[in-house]
Each structure stands twice: as structure tokens, then as C-alpha cells.
1. Look at the stretch 168-185 and say how many of its residues are open to solvent by less than 20 Å² (accessible area, probe 1.4 Å) and modelled with pLDDT under 95.
2. Here is a list: I97, I155. Which entry is β-branched (V, I, T) and modelled with pLDDT of 90 or more?
3. Show me the strands (runs of 3 or more DSSP E) entirely contained within the stretch 1-120 in which 2 or more residues are within 12 Å of the chain's Cα centre (by Cα).
4. Identify all residues within the stretch 151-167 that are of a type in the set (A, V, I, L, M) and either under 13 Å from L66 (Cα atoms) or open to solvent by 10 Å² or more (accessible area, probe 1.4 Å) (or both); write none if there are none.
5. Please work out which one of (1) within 30 Å of Q9 (Cβ to Cβ); (2) surrounded by 14 or more Cβ atoms within 10 Å (Cβ to Cβ) is the condition P148 fails and give its number.
6. If you take the residues of the stretch 84-96 that are out of contact with any Phe, Trp or Tyr (no Cβ under 8 Å at 6 or more places or on another chain) and touching a residue at least 24 places away in the same chain (Cβ under 8 Å), which of them is surrounded by the fewest Cβ atoms within 10 Å (Cβ to Cβ)?
7. When you scan the stretch 155-166, do you find a residue that is part of a loop (DSSP other than H, G, I, E, B) and among the acidic types (D, E), even just one?
8. So which residues in the stretch 107-140 are open to solvent by 20 Å² or more (accessible area, probe 1.4 Å), touching a residue at least 12 places away in the same chain (Cβ under 8 Å) and either of a type in the set (A, V, I, L, M, F, W, C) or over 22 Å from A3 (Cβ atoms) (or both)?
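The values are calculated or read from the model by the stated rules, or taken from the named source; none is laboratory data. Owing to the predicted nature of the structure, the values given are computational and were not obtained by experimental measurement. Backbone-built Cβ (ideal geometry, glycine too); neighbour counts: all protein chains shown. Please note that ligands, DNA and RNA were not included when accessible areas were found on the heavy atoms of the full protein model with its side chains. Shrake-Rupley method; radii C 1.70, N 1.55, O 1.52, S 1.80 Å.
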Amino acid sequence: MDAKAFNQQYEDLVAQPPVKIGFRAHGQSLFYVKRETVLAILRLSLKGSGLLRETHFVACVRHSFLRTLEKEPARRFLIEPNEYPFKFRISELSREIQREWHYSPCNLGHWKYDTIKFGDLTDATLDLGDMLDQINKYGTAWMERLTPAESLRQIKRYGEDAYCERIWVEDYEAFLSKAGMPSETIQ
């Protein structure tokens, strides 16, 4: 399958249906915002992706009040996975994983993603349909689980005190303080 045919299937099967339930498309990525929580389905082209005829996807969750890694206010659509504290392979969004999950640092490029090698396919309908099913069934559940308080708790407990984590902790503490919830009680 060539890139043009794959892109058309992606558009028809993955990009368009979520827009009907509130997702917004930006480039080839999708974003869903509920209150201050942002779910992003990022489509990535990594080095050599075009030549290898493959594309990559990662699901990410962040909160709109978090600053960027340059400590600037966040823009509407952040397409760099490193800007998100929580990154997941779309294929692993299931409810079972959610029960066992805890934050695992995957900062500055050390994150996992799903790959579709469309060059090896004649039809990507099955792969793309599975992806959309995972997003529809479990994407918003991750948004609901990762409240600001839970996000802070996870990063403080399981983080590695990386530069980006220090920014996120500072921003979560400031947000929770304004909301009247003392962050000292979050372990």
C-alpha cells in the first residue's frame, strides 16, 4: 500500500469519526479536551518513516495549565510527545492495563508507540479499525483517571526528578493550591 492510499484510509477510518464526538484534528493528529484535560492521539513521522513506508502513533494526556518544557504557556495543540507527562501505546489503552498502571518516566524521547507498516499491507482497515476502537473505548477513561491530583501523585511517587517532571510538579501544585487542595497531602 502506498502512502496516499494509507492516508486516505487513515482519514476515513480514524481521523474523521472522532471529530463527530468532539475530537479536533490538527494536521494528522487528534485532540480531545474536557475541562483542563487534553487527550492527544499523535501521528508521528520518525526518521526513515517515509522510506520504510510506516507511521507511528502514541496516545498522550496532559493538562492545559501545564507549561511547555521551555516554561511558556502551552499552545492549543502540542504535537511533541515530550510535552506530555503521560504517553501510551494506543494498543495498550485497555481497562486491564489501566488497573495495573502507574506512571513510568518516559521523558525526552524514551517512549513507546505503535507502528503501522503500511508498505507491507494491501489494506489497513483492520489495523486502523482496532486503533479507533481502542481510542473510543478507553481514551476518555484515561482522561478521567488522570485528574490533576492523581497526575501529581503519580509523578511525585514514580518520577525520576527529571527537568520536565519538576516543571509538571510545580504546575500541578500551583493549580491544586488555587483549587484549594493542598498538594502536601498528595503522596
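1. Restricting attention to the stretch 168-185, the residues satisfying the condition of being open to solvent by less than 20 Å² (accessible area, probe 1.4 Å) are 168, 171-172, 176, 183.
Those left that are additionally modelled with pLDDT under 95: 183.
Here the count works out to 1.
2. On the way: I97 fails: modelled with pLDDT of 90 or more.
Unique residue meeting the criteria: I155.
3. Strands (runs of 3 or more DSSP E) meeting the threshold: 29-34, 37-44, 55-63, 86-88.
4. So the first thing to find is which residues in the stretch 151-167 are of a type in the set (A, V, I, L, M), and the list is 152, 155, 162, 167.
Matches in the stretch 151-167: L152, A162, I167.
5. (1) is the only condition that P148 fails.
6. Kept after step one, since they are out of contact with any Phe, Trp or Tyr (no Cβ under 8 Å at 6 or more places or on another chain), are these residues of the stretch 84-96: 84, 91-92, 96.
If we keep only those that are touching a residue at least 24 places away in the same chain (Cβ under 8 Å) too, we end up with 84, 91.
Details: Y84: 24, S91: 16.
For the stretch 84-96, the residue satisfying everything is S91.
7. The initial filter retains those residues of the stretch 155-166 that are part of a loop (DSSP other than H, G, I, E, B), namely 159-162.
Subset that is among the acidic types (D, E): 160-161.
Looking for residues that are part of a loop (DSSP other than H, G, I, E, B) and among the acidic types (D, E), one finds at least one in the stretch 155-166, hence yes.
8. Residues satisfying the conditions are L108, G109, W111, K112, L121, L132, Q134, N136, K137, Y138, T140.
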